[in-house]
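The next block holds one structure in the form of structure tokens; read it before the comments.
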Amino acid sequence: MKQKVYFKTFGCRTNVFDSQVMMSALKDYEVTEDEAQADIVVVNSCTVTNGADVSVRGYINQIERQAKKVFLTGCGAHTKGESLFGAAKVHGVFGQSEKMKINTLLSSENRFYEIGDLNYIDDAIVDEFVGKSRAFIKIQEGCNFRCSYCIIPFVRGDARSMDETKILEQVSRLAGNGFGEFVLTGTNVGSYGQGEGKNIASLMQKMSLIRGVRRIRVGSLEPIQINEAFREILDEPWLERHLHIAIQHSSDAMLRIMNRRNRHDTDRELFGMLHAKGFALGTDFIVGHPGETDALWGEAMGNLNHLHLTHIHPFTFSKRDGTPSATMKPEVNGIVASERMKELTASIEANNLAFRHQVKVPLEVLVESESDGIYSGYDQFYNKVEIESDEDLSGNWVTLEHYEVHNEHNMAKL
């Protein structure tokens, strides 16, 4: 009987894709979605914040007590792998570049530490996404930005793109297997094709011509990556009506401290144009970075009112050793940062509720899960929708013209 392997995936969509690649590469093991049945656990880790590191370590401690064999990979392998390996918390550590060797690595009787390199280019093709209704397509790896607070370029390497032919082949295979929604992901997804005369907009257009592709979502973009080529696809029916554009802050003084390339005036112009076209707009935002005074915070909140944000992925600043921000002063008191976080999230939640009340078009929902007769999924604006139905809607596309707007989601009955 084959041993059963459970994948615990932390962090971003890139890790979701990497976990699927590893599942597809297993030949002598059986993948299970039930942690309790697993003989082996592969922890695909995130290290973007201290909280992420704590979550990974806590999970490994918990699994260790269950006498399962544990392996660590992902970004955390580069920052915490050596200490966890030295403390005998894991049987093996391997970097992202080694993931296609997973079948051999899991078979190793001896403990190992194989961190690999940061110059690899993924060429894996997967045909299925276990337990997912949407398909995640990694199109690039690494980042050439050097934001003051960010550890990711040091654990993912510089920007490099996947081969276009392989990307399109993968989309074609997945579409043939019934997937209709595709989420493009990467460390800095908008840098796809950089230096190669290619761009993400052209790639998405080619994807849209593949039979079965119904909706294309794209991960976090930088403001400067919404260029003329991308603007030309904004009215395409297959493009999600939600864009996540990472600004990280809305005070120019803070953006300079963070070594960011965007500035509020150009962000305001961009977001205004997208709002006028009916897009829901999301962003990443760091609260409590060193140097964020009360005055700069007040300026930032005032500026946010002009950006029409409907979604937000906020972070409280997390000091990452080896980054410039780690030694910056003055630091922001944790209680102050917490209060600012509450103010920020309350503001965007109010925006989201207002946006959903104003939507005048039918909602196109891909149903992803079910619980007690309530089906859940996300519409084209990346808002959650719950549907009460006696019919089995699992994995289906549902068009809703009539629904109720609730505080945290929309609700419909069929």
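The values are calculated or read from the model by the stated rules, or taken from the named source; none is laboratory data. Please read these numbers as outputs of a predicted model, since none were measured by experiment. Neighbour counts are summed over all protein chains in view; Cβ atoms, including those assigned to glycine, are modelled from backbone coordinates with ideal geometry. What goes into the accessible areas is simple: the full protein's heavy atoms, side chains included, and nothing from ligands, DNA or RNA. Shrake-Rupley method; radii C 1.70, N 1.55, O 1.52, S 1.80 Å.
The strands (runs of 3 or more DSSP E) falling completely within the range 359-414 that include 3 or more residues that are open to solvent by less than 50 Å² (accessible area, probe 1.4 Å) and over 23 Å from residue 135 (Cβ atoms) map to 410-413.
For the range 208-223, a tally of residues being buried (at least 19 other Cβ atoms within 10 Å of the Cβ) and either more than 24 Å from residue 120 (Cα to Cα) or not aliphatic (A, V, I, L, M) (or both) returns 8. If only one of 107, 148 is crowded, with 16+ Cβ neighbours inside 10 Å and over 17 Å from residue 75 (Cβ atoms), which one is it? Every option except 148 fails the conditions. Go through (1) under 20 Å from residue 74 (Cβ atoms); (2) within 16 Å of the chain's Cα centre (by Cα) for residue 160 and report which single condition fails. Only one criterion in (1) under 20 Å from residue 74 (Cβ atoms); (2) within 16 Å of the chain's Cα centre (by Cα) is unmet by residue 160, namely (2). Condition first: surrounded by fewer than 18 Cβ atoms within 10 Å (Cβ to Cβ), touching a residue at least 60 places away in the same chain (Cβ under 8 Å), assigned to a loop (DSSP other than H, G, I, E, B) and touching a Ser or Thr at 6+ places or on another chain (Cβ under 9 Å). Can you find one or more residues in the range 327-341 that meet it? Yes, because at least one residue in the range 327-341 is surrounded by fewer than 18 Cβ atoms within 10 Å (Cβ to Cβ), touching a residue at least 60 places away in the same chain (Cβ under 8 Å), assigned to a loop (DSSP other than H, G, I, E, B) and touching a Ser or Thr at 6+ places or on another chain (Cβ under 9 Å). Pairing each residue of the range 275-302 that is touching a residue at least 60 places away in the same chain (Cβ under 8 Å) with any residue that is part of a helix (DSSP H, G or I) and hydrophobic (A, V, I, L, M, F, W, C), provided the two are 6+ apart or on different chains, yields C-beta distances under 8 Å for 280/355; 289/254; 289/257. Taking first residues from the range 187-200 that are surrounded by fewer than 24 Cβ atoms within 10 Å (Cβ to Cβ) and partners that are in a helix (DSSP H, G or I), the Cβ contacts under 6 Å between residues at least 6 apart in sequence or on separate chains come to 199/229. Taking the criterion of being under 16 Å from residue 254 (Cα atoms) and buried (at least 17 other Cβ atoms within 10 Å of the Cβ), the residues of the range 304-322 that qualify are 304, 315, 316, 317, 318. Looking across the range 1-20 at every residue that is under 16 Å from the mean Cα position of the chain (by Cα) and hydrophobic (A, V, I, L, M, F, W, C), the one that is farthest from residue 51 (Cα to Cα) is identified as 17. Return the residue satisfying two criteria in turn: it lies in the range 151-171 and is in contact (Cβ under 8 Å) with a residue 24 or more places away in the chain and open to solvent by 60 Å² or more (accessible area, probe 1.4 Å), and of such residues it is nearest to residue 262 (Cα to Cα). Filtering the range 151-171 for residues that are in contact (Cβ under 8 Å) with a residue 24 or more places away in the chain and open to solvent by 60 Å² or more (accessible area, probe 1.4 Å), the one nearest to residue 262 (Cα to Cα) comes out as 158. Restricting attention to the range 290-315, the residues that are over 27 Å from residue 11 (Cα atoms) and touching a Lys or Arg at 6+ places or on another chain (Cβ under 7 Å) total 2. The requirement of being surrounded by fewer than 16 Cβ atoms within 10 Å (Cβ to Cβ), at pLDDT below 90 and not acidic (Asp, Glu) is satisfied by residue 121.
Each row is one residue, and each column tells you yes or no for (1) modelled with pLDDT of 95 or more; (2) more than 26 Å from residue 49 (Cα to Cα); (3) open to solvent by 10 Å² or more (accessible area, probe 1.4 Å); (4) not polar (S, T, N, Q).
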residue	(1), (2), (3), (4)
280	yes, yes, no, yes
291	yes, no, yes, yes
294	yes, no, yes, yes
300	yes, no, no, yes
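Could you go through the range 250-263 and let me know if any residue there is β-branched (Val, Ile, Thr), under 30 Å from residue 395 (Cβ atoms) and open to solvent by 10 Å² or more (accessible area, probe 1.4 Å). First the steps, then the outcome.
The first filter runs over the range 250-263 and keeps only residues β-branched (Val, Ile, Thr), leaving 257.
Checking the rest, the ones that are also under 30 Å from residue 395 (Cβ atoms) come to none.
Among the residues of the range 250-263, not one is β-branched (Val, Ile, Thr), under 30 Å from residue 395 (Cβ atoms) and open to solvent by 10 Å² or more (accessible area, probe 1.4 Å), which makes the answer no.
Within the range 56-82, restricting attention to residues that are open to solvent by less than 60 Å² (accessible area, probe 1.4 Å) and small (Gly, Ala, Ser), the residue that is farthest from residue 113 (Cα to Cα) is 58.
Mind listing whichever residues of the range 67-117 are on the phi > 0 side of the Ramachandran plot and in a strand (DSSP E or B)?
Of everything in the range 67-117, just one residue is on the phi > 0 side of the Ramachandran plot and in a strand (DSSP E or B), namely 74.
For the range 1-25, residues that are closer than 20 Å to residue 64 by Cβ and open to solvent by 10 Å² or more (accessible area, probe 1.4 Å) total 7. Taking the condition buried (at least 18 other Cβ atoms within 10 Å of the Cβ) and touching a residue at least 24 places away in the same chain (Cβ under 8 Å), does residue 113 pass? Here the answer is no, as residue 113 does not meet what is asked.
Taking the criterion of being at pLDDT 95 or above, touching a Leu at 6+ places or on another chain (Cβ under 8 Å) and over 15 Å from residue 242 (Cα atoms), the only residue of the range 368-384 that qualifies is 375.
Looking at residue 226, is it modelled with pLDDT of 95 or more, open to solvent by less than 30 Å² (accessible area, probe 1.4 Å) and in contact with a strand residue (DSSP E or B) (Cβ under 6 Å, 6 or more places away or on another chain)?
On the way: modelled with pLDDT of 95 or more: yes; open to solvent by less than 30 Å² (accessible area, probe 1.4 Å): yes; in contact with a strand residue (DSSP E or B) (Cβ under 6 Å, 6 or more places away or on another chain): no.
In short, no.
Under the condition of being surrounded by 18 or more Cβ atoms within 10 Å (Cβ to Cβ) and in a helix (DSSP H, G or I), which residue from the range 26-55 is modelled with the lowest pLDDT? Filtering the range 26-55 for residues that are surrounded by 18 or more Cβ atoms within 10 Å (Cβ to Cβ) and in a helix (DSSP H, G or I), the one modelled with the lowest pLDDT comes out as 52.
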